[in-house]
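Readers should treat all values here as calculations from the given coordinates under stated rules, not as data from a laboratory. Predicted, not measured: the structure shown is a model, and the values here were computed from it. Every residue, glycine as well, gets a Cβ built from its backbone with ideal geometry; the counts of neighbours run over all protein chains shown.
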Amino acid sequence: MPGTLVYLESHDGELTKGGLGLLSKAASLGGDVLGAVLGSGVADVAPRAGAFGASTVYVVDDEALAAPLPQPRVDALEAVVRESGADNVLFPASVLAADVAAGLAARLEAGLNWDLTDLRLEGDELVGVRPALGDTVLVDVGWTTTPRLAIVRSGTFDPVASGGTAEVKDVGATFQDFSTLATLVDHLQEESSGPAIEEADVIVAGGRGLGGPEGFSICEDLAAALGGAVAATRAVVDAGWYPYSAQVGQTGKTVSPKLYIALGISGAIQHKVGMQGSGTIVAINKDPNAPIFDFADVGVVGDLTQIAPKLTELLRART
Ligand SMILES: Cc1cc2nc3c(=O)[nH]c(=O)nc-3n(C[C@H](O)[C@H](O)[C@H](O)COP(=O)(O)OP(=O)(O)OC[C@H]3O[C@@H](n4cnc5c(N)ncnc54)[C@H](O)[C@@H]3O)c2cc1C
């Protein structure tokens, strides 16, 4: 498969897990794997992509890319795609990446498939896999022209360090007048302690079984004892018990931690699709017939308000 370019985002001087996972997936398919790092002051983070399979990383380092706005990134990525000659351009899903991918598709008159959960090669043809009909079926999707653009669900692929190194190439971009008209007026950062759920190795997720917003302290305590992050079901997010940014599932985020502990979560299909890629799933639920026990690796039938705090206590005692 010739030339697959992965759009890489960085936060706090680190390339995000979603992009690194996508690089690893592209490397497993074969062909030339390339990275694109766009931003201001990002030259230092780019070489790290080599360890996850990129042979070349194209960098557009420009003040015009300082704010997380899509349009200047479309200009920059267009320049990278033309310079690299990439046939495939893959994006790890994020709010920004979705806008950049859509803008690039319009600019290049290219086809864009989104929400993919897998990629494979059939001969020389790239085939994407996309859940449909409320995530009840998986369908194959393809492209009729190149470059082929795709957005992949966040958390779908784990980064696998291969220990390689990448050649870094600087690319100069010309920004369109209309691309720089939007300015960032304000930027608010939600305060949170611990890792983001997309990046966390351990997630403690809470559902309606917590009984109310105050019940989330049980999740937070257990997550803190494990060095993990807190996630939530849509039912509790809709009820205003926890922020939307923590929602896992079909209309929330896709996560793949090593350990996923579900407290008072029934295991509806729309929740399952967002966390089924987790390494080990532990469920505590008082209903022995809860659907989550059909796919949990460890199931505990009981009252979470009794069990989870004891678990936290035991973990604290060990540290
Ligand atoms: C189009 C669409 C998209 C959706 N997207 C999402 C999504 O992205 N993410 C998502 O999560 N959902 C989503 N949903 C909603 C989904 O269908 C479920 O309604 C939701 O996941 C249920 O959340 P829950 O498990 O917290 O609540 P419930 O289904 O009410 O489950 C609560 C569980 O807690 C248990 N319980 C109660 N008390 C205790 C206790 N003391 N100890 C132990 N266990 C206890 C109960 O036995 C029960 O199993 C979507 C639905 C639709 C239609």
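Report, to two decimal places, the Cα Rg of the chain normalised by 2.2 N^0.38 Å (N = number of residues). Kindly include the intermediate steps, with their values, before the conclusion.
Details: Rg = 20.8 Å, N = 319, 2.2 N^0.38 = 19.7 Å.
My calculation over the Cα atoms of the chain gives 1.06.
Anything over 27 Å Cα to Cα? Flag those among 25/272; 17/310; 17/286; 169/253, in the order listed.
17/310; 17/286; 169/253
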Of 84, 162, 266, which has the largest mean-square fluctuation in a 10 Å C-alpha GNM of the chain? 162
CD proxy at 222 nm, helix term only [per DSSP H run n ≥ 4: -39500 (n - 2.57); per residue of the chain; nearest 500]: -7500 deg cm²/dmol
How much length would be gained if the chain were fully extended between residue 180 and residue 251, taking 0.36 nm per residue of separation minus their Cα-Cα distance, in nm to one decimal? 22.4 nm
Separation between Cα centres of segment 30-85 and segment 184-228, rounded to whole Å: 31
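So how strong a dipole does segment 4-180 carry about its Cα centre when Lys and Arg Cβ are +1 and Asp and Glu Cβ are -1, to the nearest 20 debye? Intermediate values should be presented prior to the final figure.
Details: 11 positive and 25 negative charges, 63 e Å.
In total the dipole reaches around 300 debye.
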Dipole in debye (nearest 20) - the chain, about Cα centre, beta carbon charges: Lys, Arg +1; Asp, Glu -1: 880
Between residue 244 and residue 160, what length comes free when the chain is fully extended (0.36 nm per residue of separation minus the Cα-Cα distance, one decimal in nm)? 27.3 nm
Can you compute the modelled spin-label distance between residue 306 and residue 188, with each label point 7 Å from Cα toward Cβ, in nm? 4.2
Kirkwood-based Rg/Rh on the Cα set of segment 149-294 evaluates to 1.09
Relative contact order, percent, segment 1-114 [alpha-carbon distance under 8 Å, six or more residues apart]: 29
Would you please give the residues with an amide H less than 5 Å from that of residue 9, counting only those at least 5 places away or on a separate chain, with H modeled from the backbone geometry? 16, 19
From the residues 235, 205, 289, which one has its Cα farthest along the dipole of segment 192-293 in the positive direction, the dipole being from +1 and -1 charges on Cβ of Lys/Arg and Asp/Glu about the Cα centre? 289
